[in-house]
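For reference, the structure discussed in these notes is given below.
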Amino acid sequence: GADAAGSNDWTPHNLSGSVPGLSTANQGFDVVTYTGNGGTQSISSLAFQPDLVWIKARSATYNHYLVDQVRGFNGSNAKVLQSNLTNAEESQNGPGNAFVSFHNDGFTVALGTNNWAGTNQNNQTYVAWCWKAGGAAVSNTDGTITSQVSASTDYGFSIVTYQSNGTRGASIGHGLNTAPSWVVVKNRDNAFDWM
């Protein structure tokens, strides 16, 4: 009920705060904060099973940590991108498995070792930004390059992976029913900048 200046707090009458067509209170995005316990921990306070989780320590200078349903896991090791680095995608190594799984109302993290210590260190505080896309990836042939896509047309959010064909002007299907307003691209095989 606050106005734009924040100086008046109005009482709404006969108004609805929901957005038509969207079915969850979080509108496909949620943020959770937690404190690491130095072991394995389930974060279970989301209104949905996330398809993209971006974790950052708030009390330490660990790297950002991005995992998603489309890239998934290499065996039991999550495939990780770090948005503060230009590094190629990496897979966690065995006992370094710091991201364990996605589940119906959140995700599970572990202590991790070596380079993967940034998701559940004892007494460190964390924030996780979580998005809902379309669950498991499906093949998309809308572009000149076949892509693997997890898309939610309700929330206007899509996760896409594809293999470049080195052709200028190639197109990639994203699974949404309208052109996206914002796109982020990262080469997974090489240490190139985020685009």
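Observations on the structure shown:
- When the criteria are applied in full, residue 120 meets the requirement of being outside any strand (DSSP E or B), closer than 21 Å to residue 64 by Cα and open to solvent by less than 40 Å² (accessible area, probe 1.4 Å).
- Any chance residue 59 is in a strand (DSSP E or B) and either modelled with pLDDT of 70 or more or under 16 Å from residue 121 (Cα atoms) (or both): no
- Residue that is surrounded by the fewest Cβ atoms within 10 Å (Cβ to Cβ), among those in region 72-108 that are at pLDDT 90 or above and more than 18 Å from residue 192 (Cα to Cα): 104
- Number of the exception - residue 1 against (1) modelled with pLDDT under 90; (2) surrounded by 12 or more Cβ atoms within 10 Å (Cβ to Cβ): (2)
- Restricting region 25-40 to residues that are open to solvent by 40 Å² or more (accessible area, probe 1.4 Å) and not in a loop (DSSP other than H, G, I, E, B), the residue that is modelled with the lowest pLDDT: 40
- Residue 184 vs. criteria modelled with pLDDT of 95 or more and in a loop (DSSP other than H, G, I, E, B): yes
- Cβ-Cβ under 6 Å pairs, at least 6 apart or on other chains, region 163-186 side of a type in the set (S, T, N, Q), far side not in a loop (DSSP other than H, G, I, E, B): 165/145
- Among the conditions (1) surrounded by 12 or more Cβ atoms within 10 Å (Cβ to Cβ); (2) under 21 Å from residue 150 (Cβ atoms); (3) modelled with pLDDT of 90 or more; (4) out of contact with any strand residue (DSSP E or B) (no Cβ under 7 Å at 6 or more places or on another chain), residue 66 misses just one, which is (4).
- Filter pass, residue 127 being at pLDDT 95 or above and open to solvent by 70 Å² or more (accessible area, probe 1.4 Å): no
The values are calculated or read from the model by the stated rules, or taken from the named source; none is laboratory data. Keep in mind that this is a model prediction, so the values were computed, not measured. Cβ atoms come from the backbone with ideal geometry, glycine included; neighbour counts cover every protein chain shown. To get the accessible areas, we keep the full protein, side chains included, count just its heavy atoms, and leave off ligands, DNA and RNA. Shrake-Rupley method; radii C 1.70, N 1.55, O 1.52, S 1.80 Å.
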